[in-house]
Amino acid sequence: KFLPPSIKLESLDIERPGLARTKVKNLTLQIEGNTQLSLELADTELHYSLWQQKLLSVSAEKAIVTVTSAKDSPADSGFQLPQSITLPQLPVSQLSIEQVQLKGIAAQDIAISNIQFAGDNEQLQLSSNINWMGLVAELTTRVEHRQQQLTSINLEVTQDTNQLIVNAKPLDQLGWQFHLNGQIAQIPFIQIYSADLGTIN
């Protein structure tokens with residue numbers, strides 16, 4: 001009942017329903033969009049208010065995200081970032097997931113841990129740790145929006161002595177303005193050196 005139309009409930013195994021929280025053994029959601037995602041949560045607690053008829057928060061021990069397919073697009077159309085990006089309306093204001101395994105994007109699975117999500121009518125915040133091919137990075141993101149229209153992004157990635165900071169906001173009808181700066185030393189198998197990469201339109 002509380003899920004937005006883009007999120008479909010595929011399976012739900014309730015263990016202990018209660019007046020303020022429900023223990024869920026397994027929960028699987030299908031998230032529709034340009035790319036279809038399958039989200040499977042295990043050992044989950046749903047916190048809600050029956051009086052307000054509102055889902056307050058979700059906490060999960062483990063989640064598996066699978067990228068299943070992408071919608072067909074014309075081969076001759078180049079990628080264009082639209083000036084206006086609508087954010088999906090999430091059914092919770094707080095989300096805490098201990099571990100996520102991301103499959104189907106890279107040759108090797110991406111492990112994401114200690115995910116903390118918080119959101120309100122004007123701002124979304126996300127922090128997590130990412131482990132990919134032996135590299136462990138900290139990720140912090142802040143997104144500003146107005147009536148679900150994304151207005152700015154701030155992204156910080158830290159890995160050992162390497163740090164990248166990305167700021168982005170709509171520039172005009174042609175696209176977005178990105179400011180990227182940071183220091184990246186030589187990382188094994190990834191040959192990147194950079195400092196203050198300036199503005200990208």
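A compact table of results
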{"read-out": "Virtual paramagnetic centre 7 Å along Cα→Cβ of Asn131, amide N under 17 Å, in segment 84-107", "value": "97-103"}
{"read-out": "Residue-span extension gain [Asn121 to Ala20] - 0.36 nm each, minus C-alpha spacing", "value": "34.0 nm"}
{"read-out": "Computed label-point distance, nm, for sites Gln108 and Thr66 using a 7 Å Cα→Cβ extension", "value": "2.3"}
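None of the figures in this text is laboratory data; all of them are computed from the coordinates on show. Since we're looking at a predicted model, the values are computed, not measured. In this analysis, Cβ positions are derived from the backbone assuming ideal geometry, glycine residues included, and neighbour counts consider all displayed protein chains.
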